[in-house]
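**Q** Here it is: the structure, laid out below.
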Amino acid sequence: MPTRYEAAIRLDIPIDMAKRHGIPSQLSAGELEELDTNPPAWLAQSRANRTGKRAVWATLTCALCGFEEHSRPKKWWPEFTVLACDEHDASELPEPAAGAERSYCYGVGSRFFGAVDAVPPTDELDPDAPQLRPAE
């Protein structure tokens, strides 16, 4: 029997909304399927209002052991290059691409950390860009 939490993930709604609209703490798979295929007015309205900018739920997967967790994404999360669970050390992650600098973000979900690889900007001038000449 799916729980309210699992129903919220499947319906792509926050837990608060599931509670507010009377989704029980446990429901049958058939009831959940019925909610998903024939949504009540409040769920249809919620889906219609979604702009698609940010997902309601994110699936976090450890790149090393495959451990998975569903979590509500936070505004401060950058675009992670790789995620790992707290069971692993940062030295176990694959090396960043050549020339990329790696930074870490801790406290992702309940037990993850993320690595963000970024290529630093170069100080060299673009040879194809127009050059400014000093006044004569």
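**Q** Among the numbered criteria (1) surrounded by 13 or more Cβ atoms within 10 Å (Cβ to Cβ); (2) within 23 Å of residue 119 (Cα to Cα), which one does residue 76 miss?
**A** With respect to (1) surrounded by 13 or more Cβ atoms within 10 Å (Cβ to Cβ); (2) within 23 Å of residue 119 (Cα to Cα), residue 76 is out only on (1).
**Q** Within the bounds of the range 61-75, is there any residue that is of a type in the set (Val, Ile, Thr) and over 20 Å from the mean Cα position of the chain (by Cα)?
**A** No, every residue in the range 61-75 fails to be of a type in the set (Val, Ile, Thr) and over 20 Å from the mean Cα position of the chain (by Cα).
**Q** What are the pairs with Cβ atoms under 6 angstrom where one residue, in the range 91-120, is in contact (Cβ under 8 Å) with a residue 40 or more places away in the chain and within 16 Å of residue 59 (Cα to Cα) and the other, located anywhere, is surrounded by 11 or more Cβ atoms within 10 Å (Cβ to Cβ) and of a type in the set (D, E, K, R)? Sequence gap at least six, or different chains.
**A** Listed by first residue and then by second, the contacts come to 109/69; 111/86.
**Q** Write out, first by first residue and then by second, each pair whose Cβ atoms fall under 6 Å of each other, whose residues are 6+ apart or on separate chains, and whose first residue, in the range 23-44, is farther than 11 Å from residue 11 by Cβ while the second is in a helix (DSSP H, G or I).
**A** Once the first residue is farther than 11 Å from residue 11 by Cβ and sits in the range 23-44, its partners that are in a helix (DSSP H, G or I) give 25/4.
**Q** Against the condition open to solvent by 40 Å² or more (accessible area, probe 1.4 Å) and of a type in the set (S, T, N, Q), how does residue 91 come out, does it pass?
**A** yes
**Q** Residue 88 passes all but one of (1) part of a loop (DSSP other than H, G, I, E, B); (2) free of Cβ contacts under 8 Å to residues at least 12 places away in the same chain; which number fails?
**A** Going through (1) part of a loop (DSSP other than H, G, I, E, B); (2) free of Cβ contacts under 8 Å to residues at least 12 places away in the same chain one by one, residue 88 breaks only (2).
**Q** Residues in the range 1-56 that are open to solvent by less than 80 Å² (accessible area, probe 1.4 Å), farther than 26 Å from residue 76 by Cβ and aliphatic (A, V, I, L, M): how many?
**A** So the count comes out to 9.
The values are calculated or read from the model by the stated rules, or taken from the named source; none is laboratory data. Computed from a prediction, not measured in an experiment: that's the story for all the values here. When we count neighbours, we look across all protein chains shown, and the Cβ atoms used for this are built from the backbone with ideal geometry, even at glycine. Just the protein is used for accessible areas: all its heavy atoms, side chains included, with ligands, DNA and RNA removed. Shrake-Rupley method; radii C 1.70, N 1.55, O 1.52, S 1.80 Å.
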